[in-house]
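Values in this text are rule-based calculations from the coordinates and carry no lab data. Predicted, not measured: the structure shown is a model, and the values here were computed from it. For neighbour counting, all protein chains shown are included, and Cβ atoms are generated from backbone atoms with ideal geometry for every residue, glycine included.
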Amino acid sequence: MTPGLEDLFTLLRFPSVSTDSTRRDDVRACAQWLQQKLTAIGLPAALHETPGHPVVLARNTHRPDRRTVLLYGHYDVQPAEPLNEWRTPAFEPTIRDGRIYCRGATDNKGQLMAHVRGLQTTLEKDGDLPVNLIVLFEGEEEIGSPNLEPFLQAHKEELRCDVVAISDTGMVGPGVGTFTYGLRGIACLEAKIHGPSIDLHSGIFGGAIANPALAIARLAATLHDAEGRILVPGFYDAVKPLEDWERKAWAELGDRDVETLELTGSPALFGEPGYTSTERCWARPTIEVNGIGGGYQGEGSKTVIPREAMLKLSCRLVPDQTPNAIQDLVAAHLEKNCPPGVRLEIKRGHSGNAYVMDPHSDLGKAAQNALTRTFGGKIALIREGGSIPIVHAFKTVLGVDTLLLGLALGDCQAHAPNENFPIDNFIAGVQLNQYLLEELA
Ligand code: BES
Ligand code: ZN
């Protein structure tokens, strides 16, 4: 068996679903196991309580003449539902065709264990690391890291470092070293439309009162034009245009449209005019409907006017949009466009700023050297559409850049059934982590 795989399997078996309050003990047990594991490899670790799930913090003995590197990862996972779409049980790691299938295999436990195994290998070989190291693993990334920024504030001195490194992003293809220098931010909102005080017979009352399900559909339809441009006034005002060099560099990655169609199974591509699909995902803001509903969802028909309907939205943000301002704009737009005869209630959800760094900085180059040593060939410089909310706070609170060295592939099914992680990527990640600390030293 590949060294380190047994530990990864143990980690994967914890159903550490951060959003599910019935899994609270599992999340904690997962953190405790990581604490023990880090301590056992020679990195004394502590569990720090937060109002939510615990933070695991470990460090080696620091020396003033060395650079300090903070490695971040998250041990929480998304819910595994729908369970019947998994080929093997969601929390029982199973190997098929060189890949490990399990919730969290790629996002983020496989990539997190590549850090741990890389550290373990260097410590066994050299008895020390080439840098001062801080390991920070959190259990709330998938719910927007609500308690981590206050934790950074409270432990600012202890967490003082020169740079952060994370493996929680993707690669543009198998074996292609990929350096991600930007992430989109996020701002979530929920809208509820209230109509009659009870569900009504649609024959007796239909025609005389407004239908909340129809109202929510109308409201959702006001967010974009037919071509996919966002119609919320002011939404694009703060958006920084793409740099010429990045448009060129991304074009050189080749046309990713066919791959996107294959990966998604969609019948066609669709999005904001004037941009390639890569640009739309990595550097343009969006508003997505993550959930919409109301009324009868069961078999057959039921003649009813539902008393309420709901809409769950998330906006992906780019520099220099700010989550609060975007939530204000979207909320105002929803209020203004709410059809008559119903009452609208809006709730703001979690959020995080976008992040972009200079990939040509010294630290960026050091990370790219580590990628070249691991994968050979040319390194892809990309931004990504996903969000890691705490990265912005690493910059604003700790004052440091974050190096994103992802190991996930497009077909790893993060957040979906049959999530998986190639064993080759784990092995490469273990090597990458050793080179990374050498290069950063
Ligand atoms: N690992 C992802 C973020 C990611 C995925 C970055 C792909 C780049 C490419 C992370 O675990 C994640 O899913 N984040 C959430 C954050 C949200 C729940 C606040 C996301 O992006 O939806
Ligand atoms: Zn995720």
**Study point:** Label point distance in nm, Y296-D358, each placed 7 Å from Cα along Cα→Cβ
**Key:** 6.3
Study note, to complete from the structure: Computed about the Cα centre, the charge dipole of region 72-126 from +1 Lys/Arg and -1 Asp/Glu charges at the Cβ has a magnitude in debye, to the nearest 20, of 160
Practice item. Answer with one residue from L152, A114, G127: the one whose Cα lies farthest towards the positive end of the charge dipole of region 111-163, charges on Cβ with Lys, Arg +1 and Asp, Glu -1. Key: G127
Practice item. Would you kindly state how much longer the chain becomes between S197 and I95 on full extension, computed as 0.36 nm times their sequence separation minus their alpha carbon distance, in nm to one decimal? Key: 31.5 nm
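Let me know the whole percent of all Cα-Cα pairs from region 371-441 that are separated by more than 16 Å. Each step should come with its number before you reach the end.
Values: 1543 of 2485 pairs.
Cα-Cα pairs of region 371-441 separated by over 16 Å account for 62 percent.
Work out how much length A29 to T88 would gain on full extension: take 0.36 nm times their residue separation and subtract the Cα-Cα distance, in nm to one decimal. Could the numbers behind the result be given before it?
Values: separation 59, 0.36 × 59 = 21.24 nm, distance 2.31 nm.
My answer for the length gained is 18.9 nm.
Normalise the Cα radius of gyration of the chain by 2.2 N^0.38 Å (N = residues in it) and let me know the number. Don't skip to the answer; put the middle values down first.
Details: Rg = 23.1 Å, N = 441, 2.2 N^0.38 = 22.2 Å.
Taking N as the residue count of the chain, the ratio is 1.04.
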Point to revise | Most mobile of E140, E272, E299 in a GNM of the chain (Cα contacts under 10 Å) | key: E299
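Using DSSP to define loop residues, name the trypsin sites (Lys or Arg not before Pro) in region 124-175 whose beta-carbon has at most 16 other beta-carbon atoms within 10 Å. Walk me through the numbers on the way to the answer.
Values: sites: K125, K156, R160; in loops: K156, R160.
Listed in order of number, the matching sites are K156, R160.
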**Study point:** Computed label-point distance, nm, for sites E288 and F270 using a 7 Å Cα→Cβ extension
**Key:** 1.4
Revision key, fill the gap. Largest fluctuation, G52, G144, G300 only, Gaussian network model of the chain with Cα springs under 10 angstrom, belongs to G300
Review point. How large is the dipole of the chain about the Cα centre if only Lys and Arg carry +1 and Asp and Glu carry -1, each at its Cβ, rounded to the nearest 20 debye?
Key: 440
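Rounded to the nearest 500, what is the chain's calculated 222 nm mean residue ellipticity when only DSSP H runs of at least 4 contribute -39500 (n - 2.57) each, over all residues?
On the way: 12 runs with 137 residues, N = 441.
For the chain, the value works out to -9500 deg cm²/dmol.
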Check your understanding: Going down the list K156/K378; K240/K378; K37/K347; K192/K240; K109/K312; K240/K365, which pairs span over 30 Å between their C-alpha atoms?
Key -> K156/K378; K37/K347; K192/K240
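Compute the length gained on full extension between D328 and R247: take 0.36 nm times their separation in residues and subtract their Cα-Cα distance, giving the result in nm to one decimal.
Values: separation 81, 0.36 × 81 = 29.16 nm, distance 3.06 nm.
The span from D328 to R247 would gain 26.1 nm if fully extended.
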Check your understanding: Cα centroids of region 261-286 and region 333-393: how far apart, whole angstrom?
Key -> 16
**Study point:** K240-A154 pseudo-label distance in nm [points 7 Å out on the Cα-to-Cβ vector]
**Key:** 3.2
